[in-house]
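Participant: Structure in structure tokens, see below.
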Number of protein chains: 2
Amino acid sequence: MASQQTRPARGMRDFLPEEVRRREYVIGVIAEVYRRYGFEPLETPALENIETLTGKYGEEGSKLIFKVLRRGEGESSGETDLALRYDLTVPLARVVAEHRGKLPALFKRYQIQPVWRADRPARGRFREFYQCDVDAIGSKSMVVEAELCAAVSDVLVALGFTDFVIKLNHRRVLTGLLQAAGVAAALQGPALIAIDKLDKIGRDGVGRELAERGVAESAVTKLLEIFHSDLSIERARESVAGLPDVVGAIEDLTQVLALASETSAAPHLRFDPSLARGLSYYTGAIMEIAVTDLAGSLGGGGRYDGLIGMFLGEEVPACGFSLGLERILVVMGERDMFPASLRQTSADVLMTVFDAQTVPEAVKLAAELRRAGLRVELYPQPDKLGKQMKYAADKRIRFAAILGTDELARGEVMVKNLANGTQRSVPRELVGAELKHAD
Amino acid sequence: MASQQTRPARGMRDFLPEEVRRREYVIGVIAEVYRRYGFEPLETPALENIETLTGKYGEEGSKLIFKVLRRGEGESSGETDLALRYDLTVPLARVVAEHRGKLPALFKRYQIQPVWRADRPARGRFREFYQCDVDAIGSKSMVVEAELCAAVSDVLVALGFTDFVIKLNHRRVLTGLLQAAGVAAALQGPALIAIDKLDKIGRDGVGRELAERGVAESAVTKLLEIFHSDLSIERARESVAGLPDVVGAIEDLTQVLALASETSAAPHLRFDPSLARGLSYYTGAIMEIAVTDLAGSLGGGGRYDGLIGMFLGEEVPACGFSLGLERILVVMGERDMFPASLRQTSADVLMTVFDAQTVPEAVKLAAELRRAGLRVELYPQPDKLGKQMKYAADKRIRFAAILGTDELARGEVMVKNLANGTQRSVPRELVGAELKHAD
């Protein structure tokens, strides 16, 4: 069947013009805000040497890497030498090692590119999707965390979000609170898995699950007391008073909150002791964006001082944030948040073609209108005017310009407003400026 | 060696910030001009089902396709089920078949995305590179050819090129001229290969090669007379007067030239009877951009009515143009054609940090300056001011803002111009507007 053969590959998507405009709009806002914070763009190749990615994503992750067959004589052996980019962090680490001499001591980069994962496709989960990463490499200052929260807030506000919360926690605070409640080190991992379900199954559910996972009753009681999002950072500090390094982590968070209070992140940032965010590589603050009525997050990040130096064999301080472009697009679509202008076609005006004789004049007027700053689609052949008008209406082009023999003789152009059906004759030398300033 | 492991894969490139800015600048100009002509953006996945690409690029091409291993149990067998996009034309044909009901009768799209080819890397030849395609699907009118030439001219002029020529020919005119000169059908292919070398080996060289390839002496003489770029279209018409369908093709070209004469393409478009452009899939007009002192072209295109319908099993009229982004970037770099602004870093101002106590004030002022429309990089920690200034100078940031204890007390900000070393104190409420309007 033709329809079978022409579908995009499983888990992948074709983006028709309106969808591309939406994607470019959101990407443009993100990049523009990041640039305002002094972040610079980086791009890396879609394909990496397979060794670059091997062993970087755990057992589960490595199953999802798309591997590329070695070209040439090796082809029949099934040998692979390249793999598709799985995230933007490992390539960043590679770039930091490879181009170290050329990069500033504090390297602030954003990177907005697709990644590929051979995941089982599901609603909202694709095998090709964009990541929007922003990272500051080279500083341990909490100013970095505060600025990242501010930048992400500015992005979301610029896109029209008002109801988001940036949850803030710290890897060491999280384990410190468990420790203070009396959960043994071996049970901390399982306990976190239970606590992470607070939003889904509620306090009672979490309590039952903690007990099932072997956490002592006294510890469960303390945990349920500690892990609710209204716990103030002062109370958290009291809970961990006996653990000096945890107190230090609390102080880092206090500093992030104080610094961010001078920025646009202030109304959105909130300490949340239950935020876990997969602990594997974070070493300090962790952040996650929650939006009302959306399960899951719009993005998240944190400090990960151990990862970027992986190719250098030394620790390089790093803190970053990753926005989920695909999810942002879904939410914005559901909430009808895109500017109406994106719904329009690429053209402001359809330049119609009256008859075979006047084609050169239509070509000429189209060029004039473009010079006046208009986006002009020139209808290519002298079909019936009604057909041309229907074409313009179907493409939601707002105006049609008609240059018939009469108009030509009078030095005028007939301009039809396709939204309300009105039309009037305009002197040719004025038509560009007039259409340019039509609302 | 670390340096071995951290290099990008063979034939692929990392793009550091300045290079990304250059690429985005050129892509932005191309997209902006194409939109002005009513073309709309399309994006397709990097990976296609392998059957979609198989048999579409000839024997040589199919060797260069990167194939992706099937995931899951099939992995060990070396079986492949996906392949990386090799060009933007086959995906366009697939999209036209798949989304036919949703696309307008005349589908004008541009697509600017990377493609991958396992070619032997060489100077200016990469295994990952961008194509910039623009195509109009659904009309046989010569208006399409004329508009494409105008759009491409506008792109090149907007990028700063002045010395380019768009060569124009027609597949049938080319073979018609050979036929008229008395070259038998079987020798037309070899003869074209020789004629295609006119720029490289000159008329005498081509004459010798034609003879070697078995073209009769009388035909060689006629061919050398015909195939020089000064042959007027009127003379070409006379040469093929006895071949009605070739006369028709000449008339098409005459029409393209007449229509384009009303557009920005007029000073650049030139009939060139020797333009061949790999005849395989073109069915009508062919175009190619030549620039003085550059071997090879900046792009090319033509009419290919047989290709887009490949998945539909019917003929769909199509005409397009492809710009060579990588080559345009190389030429613009060699000729120093990029705007100076691209050389600057992402930030207009470095907000320095005076000491630990004033960090929150620096964060606050950075936020104020951003609200005033400036791109501000906030230095993250209270290093010595000299070190911060050096950082700004290295990144070519133009201004540094200093907020010391004295300035804070006076409600002022010290602004240092890093280009000329001058500095002066500015009332805090004015500093945003002042820096925004500094040249």
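Participant: Whether any residue in region A:5-17 is more than 30 Å from residue B:364 (Cα to Cα), touching an Asp or Glu at 6+ places or on another chain (Cβ under 9 Å), hydrophobic (A, V, I, L, M, F, W, C) and more than 8 Å from chain B (Cβ to nearest Cβ) is what I want to check.
Facilitator: No, because not a single residue in region A:5-17 is more than 30 Å from residue B:364 (Cα to Cα), touching an Asp or Glu at 6+ places or on another chain (Cβ under 9 Å), hydrophobic (A, V, I, L, M, F, W, C) and more than 8 Å from chain B (Cβ to nearest Cβ).
Participant: Ok, one more. Within 8 Å of chain A (Cβ to nearest Cβ) and of a type in the set (Asp, Glu): is that true of residue B:60 in this structure?
Facilitator: So residue B:60 does not fit the description; no.
Participant: Within the bounds of region A:262-271, is there any residue that is buried (at least 16 other Cβ atoms within 10 Å of the Cβ) and in a helix (DSSP H, G or I)?
Facilitator: Taking every residue of region A:262-271 in turn, none turns out to be buried (at least 16 other Cβ atoms within 10 Å of the Cβ) and in a helix (DSSP H, G or I).
Participant: Would you pick out the residues in region A:195-215 that are under 23 Å from residue A:284 (Cβ atoms) and either without any contact (Cβ under 8 Å) to a residue 40 or more places away in the chain or not in a helix (DSSP H, G or I) (or both)?
Facilitator: Once the filter is applied, which keeps residues that are under 23 Å from residue A:284 (Cβ atoms) and either without any contact (Cβ under 8 Å) to a residue 40 or more places away in the chain or not in a helix (DSSP H, G or I) (or both), region A:195-215 yields only A:196.
Participant: Are there any strands (runs of 3 or more DSSP E) wholly within region B:81-194 with 1 or more residues that are out of contact with any Phe, Trp or Tyr (no Cβ under 8 Å at 6 or more places or on another chain) and more than 16 Å from residue B:38 (Cα to Cα), and if so which?
Facilitator: By residue number, B:128-137, B:164-170.
Participant: Might you let me know whether region A:373-381 holds any residue that is more than 10 Å from chain B (Cβ to nearest Cβ) and at positive phi?
Facilitator: No: region A:373-381 contains no residue that is more than 10 Å from chain B (Cβ to nearest Cβ) and at positive phi.
Participant: When the residues of region A:304-331 are filtered to those that are more than 24 Å from residue A:157 (Cβ to Cβ) and outside any loop (DSSP other than H, G, I, E, B), which remaining residue is nearest to the chain's Cα centre (by Cα)?
Facilitator: Going through the qualifying residues, I end up with A:318.
Participant: Would you mind stating whether residue B:167 is basic (Lys, Arg) and either surrounded by fewer than 19 Cβ atoms within 10 Å (Cβ to Cβ) or at pLDDT below 90 (or both)?
Facilitator: No; evaluated as a whole, the condition is false for this residue.
Participant: When only residues in region A:19-76 that are assigned to a loop (DSSP other than H, G, I, E, B) and basic (Lys, Arg) count, which is surrounded by the fewest Cβ atoms within 10 Å (Cβ to Cβ)?
Facilitator: Top of the filtered list is A:56.
Participant: Go through (1) on the phi > 0 side of the Ramachandran plot; (2) in contact with a Ser or Thr (Cβ under 7 Å, 6 or more places away or on another chain) one by one and return the number of the condition residue B:411 breaks.
Facilitator: Here residue B:411 meets the rest and fails (2).
Participant: Let me ask you something else. Checking residue A:348 against (1) without any contact (Cβ under 8 Å) to a residue 12 or more places away in the chain; (2) within 13 Å of chain B (Cβ to nearest Cβ); (3) of a type in the set (Asp, Glu), only one condition comes out false. Which one?
Facilitator: (1)
Participant: Within region B:138-148, does at least one residue satisfy the condition of being aliphatic (A, V, I, L, M) and over 30 Å from residue B:246 (Cα atoms)?
Facilitator: No - not one qualifying residue is present in region B:138-148.
Participant: If you don't mind, another one. Could you please let me know if residue B:361 is over 22 Å from residue B:438 (Cβ atoms), within 9 Å of another protein chain (Cβ to nearest Cβ) and of a type outside the set (Lys, Arg)? So that I can check it myself, show each step before the final result.
Facilitator: Values: over 22 Å from residue B:438 (Cβ atoms): yes; within 9 Å of another protein chain (Cβ to nearest Cβ): yes; of a type outside the set (Lys, Arg): yes.
Here the answer is yes, as residue B:361 does meet what is asked.
Participant: Being closer than 21 Å to residue B:305 by Cα and either within 12 Å of chain A (Cβ to nearest Cβ) or crowded, with 22+ Cβ neighbours inside 10 Å (or both) is the filter here, so list the residues in region B:112-141 that pass it.
Facilitator: B:132, B:133, B:134, B:135, B:136, B:137, B:138, B:139, B:140, B:141
Participant: Still on this structure, I have one more. Here is a check on your reading of the model: is residue B:250 more than 19 Å from residue B:181 (Cα to Cα) and buried (at least 23 other Cβ atoms within 10 Å of the Cβ)?
Facilitator: On the way: more than 19 Å from residue B:181 (Cα to Cα): no; buried (at least 23 other Cβ atoms within 10 Å of the Cβ): yes.
Considered against the rule, which asks whether it is more than 19 Å from residue B:181 (Cα to Cα) and buried (at least 23 other Cβ atoms within 10 Å of the Cβ), residue B:250 comes out as no.
The values are calculated or read from the model by the stated rules, or taken from the named source; none is laboratory data. In this text the structure is predicted, and so the values were computed from the model without any measurement. Using ideal geometry, Cβ is built from the backbone for each residue, glycine included, and neighbour counts are taken over all protein chains shown.
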